[in-house]
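Undergrad: First, the structure itself, so that you have it in front of you.
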Amino acid sequence: PSAPRLSAVIMSVVEHVREMAAAGLHSNVRLLSGLLLTMSGNNPELFSPSQKYQLLVYHADSLFHDKEYRNAVSKYTMALQQKKALSKTSKVRPSTGNAASTPQSQCLPSEIEVKYKMAECYTMLKQDKDAIAILDGIPSRQRTPKINMMLANLYKKAGQERSSVTSYKEVLRQCPLALDAILGLLSLSVKGAEVASMTINIIQSIPNLDWLSVWIKAYAFVHTGDNTRAINTICSLEKKSLLRDNVDLLGSLADLYFRAGDNKNSILKFEQAQMLDPYLIKGMDVYGYLLAREGRLEDVENLGCRLFNISDQHAEPWVVSGCHSFYSKRYSRALYLGAKAIQLNSNSVQALLLKGAALRNMGRVQEAIIHFREAIRLAPCRLDCYEGLIECYLASNSIREAMVMANNVYKTLGANAQTLTLLATVCLEDPVTQEKAKTLLDKALTQRPDYIKAVVKKAELLSREQKYEDGIALLRNALANQSDCVLHRILGDFLLAVNEYQEAMDQYSIALSLDPNDQKSLEGMQKMEKEESPTDATQEEDVDDMEGSGEEGDLEGSDSEAAQWADQEQWFGMQ
């Protein structure tokens with residue numbers, strides 16, 4: 001008579017564990033289930049197979065919550081083995097219709113959910129192949145939308161595009177408003193019209209969803225690299241009263257302006273998005289990079305600190321901090337911070353570009369090339385990824401490879417001001433193609449007279465030809481509607497060449513007010529001071545040498561101070 005009572009007590013213990021798990025008391029579940037599993041090990045008859053299965057799953061869930069993923073996987077594996085044994089015994093011995101067994105079997109944790117949790121563990125452990133294998137083992141009809149979504153993302157990351165498309169489509173079949181699945185399909189070159197056809201019924205049946213077809217159209221343009229039409233379409237959405245001030249749309253606009261080389265509007269949109277959502281993280285790595293390029297290092301530092309306070313588990317704060325180090329010429333530290341960002345998010349394009357640029361500036365060009373190629377694989381429509389790779393080729397005197405790459409970009413992304421300028425940049429490196437460079441730059445400036453990179457390259461060409469007056473006219477025209485440190489500095493150089501000392505000094509001063517760390521503007525001013533007072537030239541030269549050596553010492557110090565980061569080389573490697 002005592003045995004049934006013990007069984008009733010034991011069953012209620014498992015129910016208590018289940019209730020605590022449902023209530024989110026993970027630490028309590030971990031302690032109690034651990035003790036009960038030890039009891040079961042010492043007396044195998046104490047719990048039924050189904051009770052052991054439940055205890056193993058709840059214990060594994062608590063380990064998952066504590067981020068002990070490897071341990072959780074081992075317990076989930078044991079649970080699945082227990083479930084397999086349970087299935088065999090239930091087939092051999094059919095249910096007796098016992099009233100107590102029915103509710104127990106109904107509340108058994110789902111085997112499919114266990115496999116999903118295992119796949120989550122594997123992704124956290126960066127074992128994507130194992131995650132795909134466990135989810136692939138689930139029959140198609142039993143796959144829930146979240147399983148298909150995870151599979152689609154894993155297939156995409158592994159380069160299995162066809163399987164990824166199939167899984168995304170399955171998500172949309174089950175949940176036609178899964179917008180991230182729509183973006184996944186568009187990123188895999190599925191036509192916008194085909195994607196829109198999968199949502200047409202839901203758009204027509206629900207009021208106030210007429211914007212969705214325009215939204216799909218906008219992001220179809222984004223993923224084909226048609227930045228102008230993407231900007232126009234998102235602007236038309238953003239102007240609609242119901243979608244005005246949407247942070248995601250503003251972030252997309254900021255990113256598109258950045259891709260189109262319109263840094264001023266990009267910064268403006270990022271600032272708007274940030275004001276609407278002070279906890280925004282997405283896109284802040286690009287924003288930090290733009291601020292750093294403009295010499296606003298104090299703003300970059302403040303942004304980095306703010307982002308770290310929001311979350312240090314995202315790549316963005318590390319990238320922003322890395323941009324601050326990079327533009328402070330602390331390349332070893334920038335390398336470390338870029339590597340840390342990649343460790344947190346291997347798909348972070350900005351982290352790959354930061355690390356690649358740091359490696360290039362440290363003279364490790366071949367390693368830099370690997371990172372820029374990975375960035376291109378992840379973002380084939382982003383021109384800055386190709387620019388980084390081409391700079392690497394030019395740094396290693398591989399002009400032929402640079403030319404092939406620039407021509408491919410020109411053909412793939414179309415003839416716009418940016419691709420024309422990129423091709424012209426490579427042509428300028430070869431004396432044979434100087435005239436071609438000139439033609440390309442003229443075309444670029446006809447399309448966009450204010451495009452800074454084209455203006456800089458054209459000025460470089462005019463400087464070689466000593467056509468300073470033409471250069472001054474070009475730069476004054478470009479500066480009529482914008483202010484840029486580099487343009488002011490180059491204008492100062494040209495004015496100095498034609499002996500317009502006072503105006504040259506004014507231009508250098510403006511350049512330094514925009515970027516106090518601009519070394520070349522400082523050098524220009526120092527050169528002027530020497531020319532104005534030749535009697536003191538020798539004395540000043542000595543002072544300059546002393547200052548120069550001190551400055552170099554500081555830079556070297558900052559790098560040697562961060563050399564500890566460089567020692568962790570195996571940690572930097574692409575995984």
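The values are calculated or read from the model by the stated rules, or taken from the named source; none is laboratory data. Note that the coordinates shown come from a computational prediction; the quantities given were computed from them, not determined experimentally. Quick reminder, even Gly has a Cβ in these numbers, built from the backbone with ideal geometry, and neighbours come from all protein chains shown. Each accessible area value is taken on the protein alone, full model and side chains, heavy atoms only, with ligands, DNA and RNA left out. Shrake-Rupley method; radii C 1.70, N 1.55, O 1.52, S 1.80 Å.
Undergrad: As a test of the formula, what do you get for the chain when each DSSP H run with n ≥ 4 contributes -39,500 (n - 2.57) and the sum is divided by the residue count, at 222 nm and rounded to the nearest 500 deg cm²/dmol?
TA: -24000 deg cm²/dmol
Undergrad: Please state the shape class of the range 108-191: rounded when a/c is under 1.5, otherwise prolate if a/b exceeds b/c and oblate if not, all from the C-alpha gyration tensor.
TA: In terms of gyration-tensor shape, oblate.
Undergrad: Here is a further query. State to the nearest 20 debye the size of the charge dipole of the chain about its Cα centre, where the only charges are +1 on K and R beta carbons and -1 on D and E beta carbons.
TA: 4900 debye
Undergrad: At 7 Å along the Cα-to-beta-carbon direction for both LYS411 and ILE202, put a label point, then send me their distance in nm to one decimal.
TA: 4.0 nm
Undergrad: Next question. Got a sec? Charge dipole of the chain, +1 on Cβ for Lys and Arg, -1 for Asp and Glu; which of GLN142, MET405, SER321 is way out at the positive end?
TA: GLN142
Undergrad: Another question, then. Accessible area of TYR69, 1.4 Å probe, to the nearest 10 Å²?
TA: The value for TYR69 is about 40 Å².
Undergrad: How would you classify the range 197-280 from its alpha-carbon gyration tensor, with a ≥ b ≥ c the square roots of the eigenvalues: rounded for a/c under 1.5, else prolate if a/b is greater than b/c, otherwise oblate?
TA: oblate
Undergrad: Charges at C-beta only: +1 for Lys and Arg, -1 for Asp and Glu. How large is the resulting dipole of the range 247-312 about its Cα centre, in Debye rounded to 20?
TA: 160 debye
Undergrad: Right, next: When Cα extents along the principal axes in Å is calculated directly from the model, which label among [x] 114, 58, 45; [y] 111, 68, 50; [z] 122, 68, 33 fits?
TA: Evaluating Cα extents along the principal axes in Å on these atoms matches [x].
Undergrad: With a ≥ b ≥ c taken as the square roots of the eigenvalues of the C-alpha gyration tensor of the range 461-530, please select rounded if a/c is under 1.5 and otherwise prolate if a/b is larger than b/c or oblate if it is not?
TA: oblate
Undergrad: Moving on to the next point. How much length is gained if the chain between ASN28 and ASN397 is pulled fully straight, taking 0.36 nm per residue apart and subtracting their Cα-Cα distance, in nm to one decimal?
TA: 126.5 nm
Undergrad: Solvent-accessible area of GLU113, probe 1.4 Å, all protein chains present, reported in Å² to the nearest ten, please.
TA: Spelled out: GLU113, probe radius 1.4 Å, area about 70 Å².
Undergrad: Tell me, what is the percent relative contact order of the range 151-258, built from C-alpha pairs under 8 Å that lie six or more residues apart?
TA: 16 percent
Undergrad: Report, in whole Å, the centroid distance computed from the Cα atoms of the range 300-325 and the range 448-518.
TA: 33 Å
Undergrad: If we count every other residue with Cβ under 10 angstrom of VAL247's Cβ, Lys/Arg +1 and Asp/Glu -1, where does the sum land?
TA: Here the count lands on -2.
Undergrad: Also, I was wondering about something else. Work out the FRET efficiency for ALA480 and MET39 from their Cβ-Cβ distance, taking R0 = 56 Å, and round it to the nearest 0.05.
TA: 0.10
Undergrad: Given a cut-off of under 8 Å on Cα pairs at least six residues apart, what relative contact order in percent is computed for the range 403-465?
TA: 30 percent
Undergrad: Then there's this: If one takes the longest principal axis of the Cα atoms in the chain, at what angle in degrees, from 0 to 90 and to the nearest 10, does the Cα axis of helix 537-561 lie?
TA: The angle comes out at about 10 degrees.
Undergrad: Follow-up. For GLU68, what charge total do you get from the other residues with a beta carbon under 14 Å from its beta carbon, if Lys and Arg give +1 and Asp and Glu give -1?
TA: +2
Undergrad: Also: Quick one: putting +1 on the C-beta of Lys and Arg, -1 on the C-beta of Asp and Glu, what dipole do you get for the range 402-448 around its Cα centre, in Debye to the nearest 20?
TA: Roughly 200 debye for the range 402-448.
Undergrad: I'd like the accessible area for CYS121: 1.4 Å probe, protein heavy atoms, all chains in place, Å² to the nearest 10.
TA: Approximately 0 Å² for this residue.
Undergrad: Would you tally the net charge around VAL456, using a Cβ to Cβ cut-off of less than 11 Å, leaving VAL456 out, and scoring K and R as +1, D and E as -1?
TA: +2
Undergrad: A further question on this structure: Can you give me the relative contact order of the chain as a percent, contacts being Cα pairs under 8 Å and 6 or more apart?
TA: Rounded, it is 6 percent for the chain.
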